[in-house]
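Peer 1: Once you've had a glance at the structure underneath, I'll fire off some questions.
Bear in mind that the values in this text are calculations on the coordinates, not laboratory data. Just so it is clear, the structure is predicted and the values come from calculations on it, not from any experiment. Every residue, glycine as well, gets a Cβ built from its backbone with ideal geometry; the counts of neighbours run over all protein chains shown.
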Ligand code: 0O2
């Protein structure tokens, strides 16, 4: 390394930027996978199991805070080994069954290595926190090398997400020492949110059964679904493609 302090700073900045960029690329890869699953699922089943997704790369301050909680590190490679959720993506679903459906679909992808699964839905945290966490490793191909990067995927329902974001705000507002009464109220709210999830699941199943029973009725309306938009197929295009089928 050079003795020039300005050059040294530039070198450090470049190294850190490259380190963080690797996580950004890993996130892009997982985001693309999720988009593909979402679009294909919509096409095949006429149903979208994902309400929305949100991804983030942890800020350097937040990485260092977590690192000190875990006992520190002496290199970037130590940080990579110790903090597994630098890249995180949160998938919000309407129904609990969708959470497991998405999790299964991701687990079956060969280029994703599943490092761990924490099921805080079947085993909620004592405070009431519920979510399914998958820790996955994804290959990122750079110009000169391949790196396997960790991404934490949190999958939860809208109700679980609503609860978790409020709990997170309260936790920080009280500087991590929340009064007992609020903790108890939060636990009750988590139980209520779960009851709502169960009720919505039951209603969804009933709706699904009605939909299935109507599926046997024929429909001559063919539509295309691209990028969450429905397109009616003009008769002349339909004719053109069906004639083409005959030739193939
Ligand atoms: P932030 O600000 O969301 O990034 P590990 O990573 O395995 O060493 P950790 O961090 O306990 O240990 O892992 P876990 O249990 O998988 O939790 C990781 C993330 O889940 C947290 O990241 C939160 O985003 C979320 N989470 C876990 N428990 C709770 C909880 O009780 N309430 C809320 N609101 N979120 C929770 P960070 O880095 O803690 O925070």
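Peer 1: Identify the single condition in (1) out of contact with any strand residue (DSSP E or B) (no Cβ under 6 Å at 6 or more places or on another chain); (2) more than 15 Å from residue 152 (Cβ to Cβ); (3) surrounded by fewer than 12 Cβ atoms within 10 Å (Cβ to Cβ) that residue 52 does not satisfy, given that it satisfies every other one.
Peer 2: It is condition (1) that residue 52 fails.
Peer 1: Identify the single condition in (1) part of a helix (DSSP H, G or I); (2) within 13 Å of the ligand (Cβ to nearest atom); (3) under 30 Å from residue 47 (Cα atoms) that residue 104 does not satisfy, given that it satisfies every other one.
Peer 2: Status for residue 104: all satisfied but (2).
Per-residue answers, yes or no, for (1) under 20 Å from residue 21 (Cβ atoms); (2) away from the ligand (no atom under 16 Å from the Cβ); (3) not in a helix (DSSP H, G or I):
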{"site": "81", "(1), (2), (3)": "yes, no, no"}
{"site": "110", "(1), (2), (3)": "no, yes, yes"}
{"site": "128", "(1), (2), (3)": "no, no, yes"}
{"site": "140", "(1), (2), (3)": "yes, yes, yes"}
{"site": "152", "(1), (2), (3)": "yes, no, yes"}
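Peer 1: Moving on. If a residue has to be in contact with a strand residue (DSSP E or B) (Cβ under 8 Å, 6 or more places away or on another chain), part of a helix (DSSP H, G or I) and more than 11 Å from the ligand (Cβ to nearest atom) to count, how many in region 154-165 make the cut?
Peer 2: Within region 154-165, residues that are in contact with a strand residue (DSSP E or B) (Cβ under 8 Å, 6 or more places away or on another chain), part of a helix (DSSP H, G or I) and more than 11 Å from the ligand (Cβ to nearest atom) number 1.
Peer 1: Would you confirm whether or not region 18-26 contains a residue that is away from the ligand (no atom under 13 Å from the Cβ) and either under 22 Å from residue 161 (Cα atoms) or assigned to a loop (DSSP other than H, G, I, E, B) (or both)?
Peer 2: Taking every residue of region 18-26 in turn, none turns out to be away from the ligand (no atom under 13 Å from the Cβ) and either under 22 Å from residue 161 (Cα atoms) or assigned to a loop (DSSP other than H, G, I, E, B) (or both).
Peer 1: Going through region 83-101 one residue at a time, which ones are away from the ligand (no atom under 11 Å from the Cβ) and without any contact (Cβ under 8 Å) to a residue 40 or more places away in the chain?
Peer 2: 100
Peer 1: When you go through (1) free of Cβ contacts under 8 Å to residues at least 40 places away in the same chain; (2) within 16 Å of the ligand (Cβ to nearest atom); (3) farther than 18 Å from residue 134 by Cα one by one for residue 60, which number turns out not to apply?
Peer 2: (1) is the only condition that residue 60 fails.
Peer 1: When the residues of region 116-126 are narrowed to those that are loosely packed, with under 14 Cβ neighbours inside 10 Å and in a strand (DSSP E or B), which ends up farthest from the ligand (Cβ to nearest atom)?
Peer 2: 117
Peer 1: Can you find even one residue in region 166-176 that is surrounded by 11 or more Cβ atoms within 10 Å (Cβ to Cβ), away from the ligand (no atom under 11 Å from the Cβ) and closer than 26 Å to residue 27 by Cα?
Peer 2: Checked against the condition, which is being surrounded by 11 or more Cβ atoms within 10 Å (Cβ to Cβ), away from the ligand (no atom under 11 Å from the Cβ) and closer than 26 Å to residue 27 by Cα, region 166-176 yields no hits at all.
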